[in-house]
1. Return a yes/no flag: does segment 60-68 have any residue that is at pLDDT 95 or above, of a type in the set (Ser, Thr, Tyr) and within 19 Å of residue 284 (Cβ to Cβ).
2. Using the structure shown, decide if residue 5 is under 13 Å from the mean Cα position of the chain (by Cα) and either at pLDDT 95 or above or assigned to a helix (DSSP H, G or I) (or both).
3. I'd like to verify a number: residues in segment 67-97 that are buried (at least 16 other Cβ atoms within 10 Å of the Cβ), more than 25 Å from residue 128 (Cα to Cα) and not acidic (Asp, Glu), how many?
4. Anything in segment 140-179 that is modelled with pLDDT under 95 and either aliphatic (A, V, I, L, M) or over 14 Å from residue 37 (Cβ atoms) (or both)? List them, or say none.
5. Going residue by residue through segment 212-219, is there one that turns out to be within 30 Å of residue 338 (Cα to Cα) and not in a loop (DSSP other than H, G, I, E, B)?
6. Tell me which residues, restricted to segment 301-328, are in contact with a Leu (Cβ under 6 Å, 6 or more places away or on another chain) and either under 20 Å from residue 73 (Cβ atoms) or modelled with pLDDT of 95 or more (or both).
7. Out of curiosity, is residue 169 under 21 Å from residue 277 (Cβ atoms), hydroxyl-bearing (Ser, Thr, Tyr) and touching a strand residue (DSSP E or B) at 6+ places or on another chain (Cβ under 6 Å)?
8. Out of 286, 290, which single residue is in contact with a Leu (Cβ under 8 Å, 6 or more places away or on another chain), part of a loop (DSSP other than H, G, I, E, B), of a type in the set (A, V, I, L, M, F, W, C) and farther than 30 Å from residue 139 by Cβ?
Amino acid sequence: MPSRQVLILAVVTPILLYLLLHRSSPQELPARAAFRQRLVAVGDLHGDIDNAKKVLRMAKVIDESSNWAAGTDILVTTGDIVDRGAHADQIYRLMQSLRGQAEGIGGRVVSILGNHEVMNAIGDWRYVTRDDIKNFGGSPARQQALSNEGWLGQEWLANYSVTALVPLSPHPSSPSLSFTHGSLRPSFPNLQPYPSAINALGHSLLSQALTPPLAPPYPPNPYSGLPKGHSQAEAELYAEGGPLWWRGLADREEAQVCEWAKELKEKTGAKRIIGGHTPNFEKIVARCDAGVIIIDTGISSAYGGVLSALEVVYTLTPIDEHDRSQDPLLLSTAVLKGRFLEKEEIHAIYQHGKKRLVVEEREVTLE
């Protein structure tokens, strides 16, 4: 009579052989995306922590406990977290926490400076609310927090930039998205090399502004303007035609905007130019076949606009299903090579659901 071990082997061995053969048979491989990246971008939040959390939950970025729930997704905020509302401090703390949580699991938080961040840095407090000052612990405590010795000033200097070029995959030929608070102007004198030239100017200007003694708040004190010793290039960055303030891509005629967008794409290497700053209280605005997207919808209750977020889902799916080198199980050690179907799906997310802005597909060869 066969032993118990022999009987077990007789039963288990055929099962294991079947699973092995099934796993290695190319004809049985399911359709799959070899690479997937999701990006969520959120416009001006202006001190409204409640609506900020609603938007992030709506976009599945955070859970009910306000912790990161987006895995390897990318979150971009396009500036103006401060002013008009009462709880800018809480929003900055939330972003600070999410940044650390995301990085721990392969996600990423990209933070853009708005004109209102720089206004606060140089002492222009015209849009700061009394409750905001109170929540920081008073005017002196708020100034200290904003300085390069304070928690928020250090956070701005370490993790916030005037603009960002965000690639949608690690492959050098993948499309990238440009993010700025205002509109990038094609003729801006320090546009290139992009984004490093603009960000170097922004960091320098911010560093000067946040170095004690800080400018006394205006009002009630007289307006101090830009820090003493600032350069002409830094003044141009903060001027009406600079990327913090300019609205051209949002408020000019479509034909002109599309012409500018074409030039910007050539100069920046970005496939799409995305910004906030100019609110449309009803919807995210896509222009020039979504080559330009304006995402400020007045989320803060100070404005009363719709709650919204921009979602970009980018996938690469192998065209040759027999190519086992693109198996998802091997991607941690393999390089994406071969023929792929590249797909980019862009939606505006609202409380009532999603609205498709554009879906684009093309065949690409990665080498």
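The values are calculated or read from the model by the stated rules, or taken from the named source; none is laboratory data. Nothing here was measured: the structure is a model prediction, and the numbers come from that model. Don't worry about glycine lacking a Cβ; one is built from the backbone with ideal geometry, like all the others, and counts go over all protein chains shown.
1. no
2. On the way: under 13 Å from the mean Cα position of the chain (by Cα): no; either at pLDDT 95 or above or assigned to a helix (DSSP H, G or I) (or both): yes.
In short, no.
3. Adding up the residues that qualify gives 5.
4. 172, 173
5. No; the residues of segment 212-219 include none that is within 30 Å of residue 338 (Cα to Cα) and not in a loop (DSSP other than H, G, I, E, B).
6. Matches in segment 301-328: 312, 314, 317.
7. Details: under 21 Å from residue 277 (Cβ atoms): no; hydroxyl-bearing (Ser, Thr, Tyr): yes; touching a strand residue (DSSP E or B) at 6+ places or on another chain (Cβ under 6 Å): yes.
No, not satisfied.
8. Only one candidate qualifies: 290.
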